[in-house]
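Everything on this sheet refers to the single structure shown next.
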Amino acid sequence: MAPDRDIEIELRLLIEAIYLKYNYDFRDYSGASFKRRVRHALQQFNCNTITALQERIMHEPSAFMQLLQYLTIPVSEMFRDPSYYLALRQQVVPLLKTYPSVKVWVAGCSTGEEVYSLAILLKEEGLLERSIIYATDINPRSLEKAERGIFSLENIRTYTENYQKAGGQRAFSDYYTAAYEGALFDKSLRENVTFADHSLATDSVFSETQLVSCRNVLIYFNKALQDRAFGLFHESLCHRGFLGLGSKESLDFSSYAKRFEPLVKSERIFRKA
Amino acid sequence: MNTGTLDSLLLSRASALEAVVIGASAGGVQALLQIFAGLGADYRLPIVTVLHLPDDRRSQLAEVFQQRLGVRVKEADDKESLQGGTLYFAASGYHLLIENDRSFSLSREEPLHFSRPSIDVLFESAADVYGPALMGVLLTGANEDGAQGIATIKQLGGLTVVQDPADAQVPTMPEAALALGPADFVLPIPGIQALLAELNKSQC
Ligand SMILES: C[S@@+](CC[C@H](N)C(=O)[O-])C[C@H]1O[C@@H](n2cnc3c(N)ncnc32)[C@H](O)[C@@H]1O
């Protein structure tokens with residue numbers, strides 16, 4: 001193994017190269033897990049050093065796209081943490097219903113599982129038709145997959161259990177058709193969804209929203225970048241708008257702590273103060 | 001246990017230690033309660049523990065240990081800074097890592113050795129940050145998580161402790177670690193308990 005300092009230097013150069021060449025900004029990500037993912041990518045790319053990997057991605061855009069798959073952790077689940085969705089349904093939806101139209105921002109939506117879960121919830125609450133969901137991510141392949149709305153049948157059992165625990169009111173199978181490629185989710189669920197490339201690290205606010213759901217994205221950011229993201233959410237949310245985070249994410253270490261108040265503390269659901 | 005060599009090796013290294021990381025799997029709750037039994041709130045080092053448990057049982061881990069121990073016990077939060085006198089447990093369903101600024105970060109990457117949190121992930125990130133100032137302890141368990149982590153800690157100059165397989169409720173995990181190379185200490189539970197206590201003394 002190369003001395004540690006060399007690895008730190010090579011990593012910084014790689015991150016800088018990615019930023020200058022492809023405009024993806026990983027400079028303020030949590031270093032430890034980023035390093036882990038780069039090391040994992042080295043094996044997959046058969047590169048001995050990070051510098052060799054940098055050479056590859058500098059001259060082969062398709063190799064960068066492949067690297068991005070390792071760097072972005074495209075893992076998700078439908079109704080992951082059912083109690084979060086139950087809390088949204090019971091404590092946020094009644095308040096959302098008082099708005100003539102509802103805009104929801106799912107930031108870091110990955111392959112779309114969270115988006116479809118929210119769409120199902122809003123549909124059952126009679127809100128989907130007057131809602132617009134913005135589903136954003138930095139990984140174009142994940143966004144394409146999200147837009148297709150086809151999920152592996154292998155996971156459907158877990159998703160069905162999650163859906164029921166999340167207060168689902170129908171048979172989960174009402175929402176998809178089982179086909180050879182997987183479970184095809186109902187097109188009507190994404191009629192009001194806009195999928196878009198947007199980075200919490202480099203882009204700005206694009207719309208006013210009533211609810212922002214950003215789960216398991218902020219853990220990959222350092223405090224400074226977390227603050228940037230909270231700033232965007234704060235700016236986008238309407239007066240008294242709602243913010244939902246992942247089950248291990250908090251505002252505790254952020255300068256925005258005082259500008260949000262907990263609504264359902266255990267589920268990390270906050271309201272603009 | 002040969003306390004003579006233990007003392008001299010420890011004396012030369014203990015004052016430089018900044019953190020202890022511990023991994024345990026099957027049989028781990030009992031083992032951990034025993035090795036932590038004597039620790040008080042004045043313990044100088046942060047201790048970070050990954051214990052494999054089914055997801056639904058893990059959430060109360062910190063509470064259960066807090067009721068029985070003198071040292072402060074809590075689940076490690078994302079972006080929280082490590083502090084001495086505190087026993088941290090990794091949260092359920094997330095990998096736990098340590099950053100260069102000595103704070104925690106969490107990750108939802110794929111499980112490693114069917115485990116999330118994984119001992120290897122914690123150990124390797126801690127070794128990167130602390131190098132020779134880290135001690136790693138691997139206890140009883142039925143899989144191979146932690147073996148690579150112990151090897152990395154050793155490689156980067158840290159101190160390694162593996163539970164004597166003959167003393168372990170399930171020896172697979174300690175055996176896997178020893179198969180990759182020798183550890184600085186191979187000890188039964190009472191020896192590990194004594195060593196943790198000794199570390200505190202030699203630092204005051
Ligand atoms: C672990 S997934 C979370 C998926 C989903 N929100 C969930 O909780 O199941 C993390 C996602 O964050 C995205 N991401 C990483 N950096 C981002 C950035 N700067 N802006 C927006 N999304 C980002 C990744 O591409 C990835 O899809």
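So A:Val75 ticks every box in (1) modelled with pLDDT of 95 or more; (2) more than 22 Å from A:Leu127 (Cα to Cα); (3) surrounded by fewer than 18 Cβ atoms within 10 Å (Cβ to Cβ); (4) within 16 Å of the ligand (Cβ to nearest atom) but one. Which box is left unticked?
Result: A:Val75 passes all but (1).
B:Ala91 is checked against (1) outside any strand (DSSP E or B); (2) without any contact (Cβ under 8 Å) to a residue 60 or more places away in the chain; (3) open to solvent by 10 Å² or more (accessible area, probe 1.4 Å) and fails just one. What number does that condition carry?
Status for B:Ala91: all satisfied but (3).
For segment A:5-37: of the residues being in a helix (DSSP H, G or I) and closer than 14 Å to B:Ser105 by Cβ, which is most open to solvent (accessible area, probe 1.4 Å)?
Among those that are in a helix (DSSP H, G or I) and closer than 14 Å to B:Ser105 by Cβ, it is A:Arg36.
Is there any pair linking a residue in segment A:218-229 that is more than 9 Å from the ligand (Cβ to nearest atom) to one that is among the aromatic types (Phe, Trp, Tyr), with Cβ under 7 Å and at least six apart or on different chains, and which?
As it stands, the answer is A:Asn222/A:Tyr29; A:Lys223/A:Phe253; A:Asp227/A:Tyr256, since those pairs meet every condition given.
Got at least one residue in segment B:101-112 being under 18 Å from A:Arg39 (Cβ atoms), within 16 Å of the ligand (Cβ to nearest atom) and crowded, with 24+ Cβ neighbours inside 10 Å?
yes
Give the residue that is farthest from the ligand (Cβ to nearest atom), with candidates limited to residues of segment A:174-195 that are exposed (fewer than 15 other Cβ atoms within 10 Å of the Cβ) and more than 21 Å from A:Leu121 (Cβ to Cβ).
Ranking the qualifying residues of segment A:174-195, first place goes to A:Tyr180.
For residues that are within 16 Å of the ligand (Cβ to nearest atom) and more than 11 Å from A:Leu11 (Cα to Cα), scanning just segment A:38-65, find the one that is most open to solvent (accessible area, probe 1.4 Å).
A:His40
Please go through segment B:48-88 and give me each residue that is more than 13 Å from chain A (Cβ to nearest Cβ), open to solvent by 10 Å² or more (accessible area, probe 1.4 Å) and assigned to a helix (DSSP H, G or I), ordered by number.
Matches in segment B:48-88: B:Arg57, B:Leu61, B:Ala62, B:Glu63, B:Val64, B:Gln66, B:Gln67, B:Arg68.
Among the residues that make up segment A:101-119, is at least one of them within 14 Å of another protein chain (Cβ to nearest Cβ) and open to solvent by 40 Å² or more (accessible area, probe 1.4 Å)?
no
Name the one entry in A:Ser101, A:Ser33, A:Ser117 that is closer than 28 Å to A:Pro262 by Cα, among the hydroxyl-bearing types (Ser, Thr, Tyr), within 16 Å of the ligand (Cβ to nearest atom) and in contact (Cβ under 8 Å) with a residue 24 or more places away in the chain. Break it down stepwise before answering.
Working: A:Ser101 fails: within 16 Å of the ligand (Cβ to nearest atom); A:Ser33 fails: closer than 28 Å to A:Pro262 by Cα.
Going through A:Ser101, A:Ser33, A:Ser117 in turn, just one is closer than 28 Å to A:Pro262 by Cα, among the hydroxyl-bearing types (Ser, Thr, Tyr), within 16 Å of the ligand (Cβ to nearest atom) and in contact (Cβ under 8 Å) with a residue 24 or more places away in the chain: A:Ser117.
Could you say which residue among B:Leu139, B:Leu159, B:Leu134, B:Leu122 is more than 12 Å from chain A (Cβ to nearest Cβ), within 22 Å of B:Asp77 (Cβ to Cβ) and in contact (Cβ under 8 Å) with a residue 60 or more places away in the chain? Spell out the reasoning first.
Values: B:Leu139 fails: within 22 Å of B:Asp77 (Cβ to Cβ); B:Leu159 fails: within 22 Å of B:Asp77 (Cβ to Cβ); B:Leu122 fails: more than 12 Å from chain A (Cβ to nearest Cβ).
Among B:Leu139, B:Leu159, B:Leu134, B:Leu122, only B:Leu134 is more than 12 Å from chain A (Cβ to nearest Cβ), within 22 Å of B:Asp77 (Cβ to Cβ) and in contact (Cβ under 8 Å) with a residue 60 or more places away in the chain.
In this structure, is A:Thr158 surrounded by 13 or more Cβ atoms within 10 Å (Cβ to Cβ) and not acidic (Asp, Glu)?
Details: surrounded by 13 or more Cβ atoms within 10 Å (Cβ to Cβ): yes; not acidic (Asp, Glu): yes.
Here the answer is yes, as A:Thr158 does meet what is asked.
For the subset of segment A:199-236 comprising residues that are in contact with a strand residue (DSSP E or B) (Cβ under 7 Å, 6 or more places away or on another chain) and farther than 29 Å from B:Leu96 by Cβ, which member is most open to solvent (accessible area, probe 1.4 Å)?
Looking at residues that are in contact with a strand residue (DSSP E or B) (Cβ under 7 Å, 6 or more places away or on another chain) and farther than 29 Å from B:Leu96 by Cβ, I get A:Glu208.
Against the condition in contact (Cβ under 8 Å) with a residue 24 or more places away in the chain and either buried (at least 17 other Cβ atoms within 10 Å of the Cβ) or in the same structural domain as A:Ser30 (by TED's automatic domain parsing) (or both), how does A:Ser255 come out, does it pass?
Details: in contact (Cβ under 8 Å) with a residue 24 or more places away in the chain: yes; either buried (at least 17 other Cβ atoms within 10 Å of the Cβ) or in the same structural domain as A:Ser30 (by TED's automatic domain parsing) (or both): no.
Spelling it out, it is not the case that A:Ser255 is in contact (Cβ under 8 Å) with a residue 24 or more places away in the chain and either buried (at least 17 other Cβ atoms within 10 Å of the Cβ) or in the same structural domain as A:Ser30 (by TED's automatic domain parsing) (or both).
The values are calculated or read from the model by the stated rules, or taken from the named source; none is laboratory data. Predicted model only: the values in this text are computed from it and were never measured. Note that each Cβ is placed from the backbone with ideal geometry, even for glycine, and that neighbours are counted across all protein chains shown. Remember, those area values only see protein heavy atoms, side chains included, never the ligands or the DNA or RNA. Shrake-Rupley method; radii C 1.70, N 1.55, O 1.52, S 1.80 Å.
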